[in-house]
1. Which one is nearest to residue 30 (Cα to Cα) among residues in the range 49-65 that are outside any strand (DSSP E or B) and touching a residue at least 12 places away in the same chain (Cβ under 8 Å)?
2. Restricted to the range 1-31, and to residues that are touching a helix residue (DSSP H, G or I) at 6+ places or on another chain (Cβ under 7 Å) and under 21 Å from residue 84 (Cβ atoms), which residue is modelled with the lowest pLDDT?
3. If only one of 46, 96 is assigned to a loop (DSSP other than H, G, I, E, B), within 18 Å of the chain's Cα centre (by Cα) and modelled with pLDDT of 90 or more, which one is it?
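The values are calculated or read from the model by the stated rules, or taken from the named source; none is laboratory data. Fair warning: this is a prediction, and the values are worked out from it, not measured in the lab. Note that we place each Cβ from the backbone using ideal geometry, even for glycine, and neighbour counts take in every protein chain shown.
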């Protein structure tokens, strides 16, 4: 008895990372000669919460532990942190990834 044909498998792996939607607030931010990349994103096609990450020029990534209901709330949190601690605070490298 012959086996039934196998269904066509997609060429991409199913374990592939989800597509992301990036906020219009995401982008480079510069102050006092320091430039960082602000990334505000969520899974594409959802109404999920937004994640906030700040990436330094030396690729130090600071990720907030809590997500934000809106991309504007994430942006405002970044601005408040930058105002309070300065952009240089995102340049400090620890042995573990920074989280807020």
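1. Filtering the range 49-65 for residues that are outside any strand (DSSP E or B) and touching a residue at least 12 places away in the same chain (Cβ under 8 Å), the one nearest to residue 30 (Cα to Cα) comes out as 57.
2. Taking the range 1-31 and keeping what is touching a helix residue (DSSP H, G or I) at 6+ places or on another chain (Cβ under 7 Å), we get 23, 25, 31.
Imposing the further condition that a residue be under 21 Å from residue 84 (Cβ atoms) reduces the set to 25, 31.
Details: 25: 98, 31: 92.
Checked the range 1-31; the qualifying residue modelled with the lowest pLDDT is 31.
3. From the options 46, 96, the qualifying one is 46.
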